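Peer 1: Sharing a structure, written as structure tokens. Questions coming.
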Amino acid sequence: MPSSANQRAVWRLRSSFISSIISTTFVLYALGLLGLILINVERLSTYVKENLSFSVVLREDVRNADAEFLRKTLDASPYVKESEFISKERAAEELTEALGEDFLALLKYNPLSPSIELKLYADYTNNDSLQAIAASLLSAPQVTNVHYEPNLVDLVNTNMHKVGGMILAFSLVMSFIALVLINNTIRITIYARRFIIKTMQLVGATHAFIQRPFLLRAVRHGFYSAVLAFLLLLLSIALVQDDFRALVNLQQHGILLLVGMFVLLVGVAINLMTTYFAVSKYLRTAEGDLYY
């Protein structure tokens, strides 16, 4: 009978440690994810800007060879990241697919002009640079118009600054919430062992002697939680990297190492700090107050 009671006590203690590690793991995972996003804010801004498309509309009678020569010339310029020639026929196919019906059958001719779709480097995706680039392109004999949305460009540039500030603020809030959650979890775990702490103190054990095993366990639990959180982070990256390789992928060893070190340090530091204060509290608590 006593053996069964002891086994239940050991199981309850182990389950509390396991739940502590699991809860800490998910908190550290959320922090690591936010840290990864925060590090990649600039990459996110660059990614959005460099995926804006600008149309260089060509003369209807331009030869494909001349259009291709112009495209290669633009590719060699310092501001073009990539370009693509859209012929009249391809433009008609894309419009037909978008409309869901063949507008050529109704009009009996193709009113669309060939064009070159440009994606610029992020440093040139602002209205001042675009105006200068558009003026330069319009001087080419093959070009009739350069189409871009100034309001959209301004909106993207403005919103990317706001997004960076919002992510930073959200990261600070999440860090505070992580500290509170981990602190509460560890305090509950230490609370279950408050009588052992007080008994050791009453038989003459020093504070350092009593705290040492709890602090060592806190380091181990912080390490285990950080490793599990980092593995979850790697799994998340592996699942999305095919769609967002320009933003995040498993080949970003430097960034991943930085995030991993951040998660490890936060996990160990918070576990150590909260364990130290929780154990110290019960070392200062009178025997009669342990029941409340």
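Peer 1: Residue 153: touching a helix residue (DSSP H, G or I) at 6+ places or on another chain (Cβ under 6 Å), modelled with pLDDT under 80, closer than 23 Å to residue 77 by Cβ and surrounded by 16 or more Cβ atoms within 10 Å (Cβ to Cβ), yes or no? If you could, list the steps in order and put the result at the bottom.
Peer 2: Details: touching a helix residue (DSSP H, G or I) at 6+ places or on another chain (Cβ under 6 Å): yes; modelled with pLDDT under 80: yes; closer than 23 Å to residue 77 by Cβ: yes; surrounded by 16 or more Cβ atoms within 10 Å (Cβ to Cβ): yes.
Considered against the rule, which asks whether it is touching a helix residue (DSSP H, G or I) at 6+ places or on another chain (Cβ under 6 Å), modelled with pLDDT under 80, closer than 23 Å to residue 77 by Cβ and surrounded by 16 or more Cβ atoms within 10 Å (Cβ to Cβ), residue 153 comes out as yes.
Peer 1: Just one of (1) over 30 Å from residue 44 (Cβ atoms); (2) surrounded by 18 or more Cβ atoms within 10 Å (Cβ to Cβ); (3) out of contact with any helix residue (DSSP H, G or I) (no Cβ under 7 Å at 6 or more places or on another chain) trips up residue 256, so point out which.
Peer 2: Of the numbered conditions (1) over 30 Å from residue 44 (Cβ atoms); (2) surrounded by 18 or more Cβ atoms within 10 Å (Cβ to Cβ); (3) out of contact with any helix residue (DSSP H, G or I) (no Cβ under 7 Å at 6 or more places or on another chain), the odd one out for residue 256 is (1).
Peer 1: Going by the conditions given, is residue 206 loosely packed, with under 12 Cβ neighbours inside 10 Å and among the polar types (S, T, N, Q)?
Peer 2: Details: loosely packed, with under 12 Cβ neighbours inside 10 Å: yes; among the polar types (S, T, N, Q): yes.
Yes; evaluated as a whole, the condition is true for this residue.
Peer 1: So, one more: Just the residues that are assigned to a helix (DSSP H, G or I) and at pLDDT 85 or above, please, taken from segment 27-64. Let's see the steps before the verdict.
Peer 2: Looking only at segment 27-64, we keep the residues that are assigned to a helix (DSSP H, G or I), and these are 27-39, 41-49, 64.
Answer for segment 27-64, where residues must be assigned to a helix (DSSP H, G or I) and at pLDDT 85 or above: 28, 29, 32.
Peer 1: What are the pairs, 6+ residues apart or on separate chains, where a residue within segment 234-245 that is over 18 Å from residue 28 (Cβ atoms) has its Cβ under 7 Å from a residue that is modelled with pLDDT under 80?
Peer 2: Note: pairs meeting the criteria are 238/250; 241/248; 241/249; 241/250.
Peer 1: Let me ask something else. So, of the residues in segment 136-167 that are part of a loop (DSSP other than H, G, I, E, B) and within 33 Å of the chain's Cα centre (by Cα), which turns out to be farthest from residue 80 (Cα to Cα)?
Peer 2: To start, the set of residues in segment 136-167 that are part of a loop (DSSP other than H, G, I, E, B) comprises 139-142, 148-149.
The next check asks that each one be within 33 Å of the chain's Cα centre (by Cα); those that pass are 148-149.
Working: 148: 15, 149: 17 Å.
The extreme case among them is 149.
Peer 1: Can you name every residue in segment 120-150 that is without any contact (Cβ under 8 Å) to a residue 12 or more places away in the chain, polar (S, T, N, Q) and either touching a Leu at 6+ places or on another chain (Cβ under 7 Å) or surrounded by 12 or more Cβ atoms within 10 Å (Cβ to Cβ) (or both)?
Peer 2: 131, 136, listed by residue number.
Peer 1: Only one of 199, 275, 206 is touching a Phe, Trp or Tyr at 6+ places or on another chain (Cβ under 8 Å) and at pLDDT 80 or above; which?
Peer 2: Details: 199 fails: touching a Phe, Trp or Tyr at 6+ places or on another chain (Cβ under 8 Å); 206 fails: touching a Phe, Trp or Tyr at 6+ places or on another chain (Cβ under 8 Å).
Result of the check over 199, 275, 206: 275.
Peer 1: Any residue in segment 81-97 that's free of Cβ contacts under 8 Å to residues at least 60 places away in the same chain and among the charged types (D, E, K, R): show its pairings with residues that are surrounded by 14 or more Cβ atoms within 10 Å (Cβ to Cβ) and not in a strand (DSSP E or B) at Cβ separation under 8 Å, as long as the two are six or more apart or on different chains.
Peer 2: As it stands, the answer is 81/50; 81/121; 84/71; 88/110; 88/112; 88/113; 88/114; 89/110, since those pairs meet every condition given.
The values are calculated or read from the model by the stated rules, or taken from the named source; none is laboratory data. Keep in mind it's a predicted model, so treat the numbers as computed, not measured. Glycine also receives a Cβ, built like all others from the backbone with ideal geometry; neighbour counts cover every protein chain displayed.
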